[in-house]
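Report on one structure; see the data block that follows.
The values are calculated or read from the model by the stated rules, or taken from the named source; none is laboratory data. Only a predicted model underlies this, so the values are computations on that prediction, with no experimental measurement involved. Don't worry about glycine lacking a Cβ; one is built from the backbone with ideal geometry, like all the others, and counts go over all protein chains shown. Heads up: the accessible areas ignore ligands, DNA and RNA and are worked out on the full protein's heavy atoms, side chains in. Shrake-Rupley method; radii C 1.70, N 1.55, O 1.52, S 1.80 Å.
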Amino acid sequence: MESVQVGLTLPQGWLDEFPTDNPHEQFLFSKNVALTAEKLGFDAGYVYDHFVSHPSNNRAETLFEAYMLLSAVSAVTSKLRIGQVVTSNSFRHPSLLAKMTSTLDAISNGRLEFGIGAGWFGYEYNSYGYKFDDLKTRVEQLDESITIIKKMWQNQKSSFKGKHYSIKNAICNPKPIQRPHPPIMVGGAGKKLMKVAAKHATRYNHPFGTPEILEEKIKLLKENCKLIKRDHKKIENSVLLRILVGKDSDDVKDIVSKLKKKNESIADFIIRSKDSIALGTPDEVTNYLRQYQRIGINYFIVNFIGLSKSLEMLSLFSRKVRPNLK
């Protein structure tokens, strides 16, 4: 069995609540989580690439810009790898993304995990003045974008003329530290996206999917790899999951009581979260994650629910869950 790798999403404002309303103190909290995660042996820290918080949240809340936050985190850590779940391709021209990511890989001394997807959150496209193309177009753009980025990461000068993007003798220095290039994690759930993942990805990531859904996606990815004669084993499969783990059932209930809706019972929260959160004691969370291992997934990106109440969850997961996944 391959060794398990675990990254976590850093508090940013997308799905996490901060323990304070002060923006600088919010950043310090994110920084502290990154440093704590590194000390505990987590493999990577990830951020979401959005402009406003999740639709279920108050969109007036803080949400730190992805690449600015990662740059700050990379400067205060030394081992923690850093990435995105995932970069929205639409928000930056691929030539700019190539420059940004190669710079970030240099700043972090080769710790970049480059995550990218086609984008999906129409609200922020419209509110920020970006054109929200149809899915087919966004996937075509993603394919061209990754092609350009790989060229610029590796070539002295790069040119490309496609349906959506063009560059001419583009220079990208510094080059990434990692060779031939940083890992490329293509993330998303759509069928059309799987063709891009099969062509370009070193890792595929599915957001918040059940083991049954992931099994179907992996099958589809294998079929697309076969069509282009690429060995599917060269693509690592991963999943992004929400995690809530407590020392025992009473601790779990205590955490849930602080997170549930005002008029919602603890039992109703747990039932509602059954397919969206790996929730429970260390043994229960371990057993849930093992379902993904049985279908060949050993890379987990976990979004801890309730970190703003206590960072003990990081240590508990590190001590009581992860060792049982190997």
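Tabulated data
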quantity: Over 31 Å between alpha carbons, listed pairs K39/K131; K150/K233; K131/K195; K199/K260; K31/K226; K151/K226; calculated: K39/K131; K199/K260; K31/K226
quantity: Cα shape, the range 25-99, gyration tensor, a/c 1.5 rule; calculated: oblate
quantity: The chain, accessible surface, carbon-and-sulfur percent (1.4 angstrom probe); calculated: 51
quantity: Degrees, to the nearest 10: 135-154 long Cα axis against longest axis of the chain; calculated: 70
quantity: Within the chain, percent of DSSP bridges classed antiparallel, to nearest 5; calculated: 10
quantity: The chain: angle of helix 211-227 to the longest principal axis, Cα-based, in degrees nearest 10; calculated: 10
quantity: Accessible area per residue in Å² at 1.4 Å probe, computed on the range 209-276; calculated: 63
quantity: HN-Hα J in Hz across the range 193-198 - Karplus 6.51, -1.76, 1.60, θ = phi - 60°, x for Gly and Pro; calculated: 5, 5, 5, 5, 4, 4
quantity: Under 9 Å, Cβ to Cβ, from R203 - net charge with Lys/Arg +1 and Asp/Glu -1; calculated: -2
quantity: Loop trypsin sites (Lys or Arg not before Pro), the range 193-253 (other Cβ atoms within 10 Å of the site Cβ: 12 or fewer; DSSP); calculated: K229
quantity: Average accessible surface area per residue within the range 41-194, 1.4 Å rolling probe, Å²; calculated: 42
quantity: Point-to-point label distance, E61-L227, nm (Cα→Cβ direction, 7 Å offset); calculated: 3.9
quantity: Global form of the range 1-126, assessed from the alpha-carbon gyration tensor, a/c cut-off 1.5; calculated: oblate
quantity: For the chain, calculated [θ]222 nm from helices alone, where every DSSP H run of n ≥ 4 adds -39500 (n - 2.57); calculated: -13000 deg cm²/dmol
quantity: Cα centroid separation, the range 77-136 to the range 198-232 (Å); calculated: 21
quantity: Placed amide H near I184: partners under 5 Å, 5+ positions off or other chain; calculated: T202, R203
quantity: Rough spin-label spacing in nm, given labels placed 7 Å along Cα→Cβ, for F208 and K191; calculated: 2.3
quantity: Cα-based helix-to-principal-axis angle, 66-76 vs the chain, degrees rounded to 10; calculated: 70
quantity: Estimated dipole of the chain in Debye, rounded to 20 [Cβ of Lys and Arg +1, of Asp and Glu -1, Cα centre]; calculated: 1480
quantity: Cα gyration tensor, the chain - rounded (a/c under 1.5), prolate or oblate; calculated: prolate
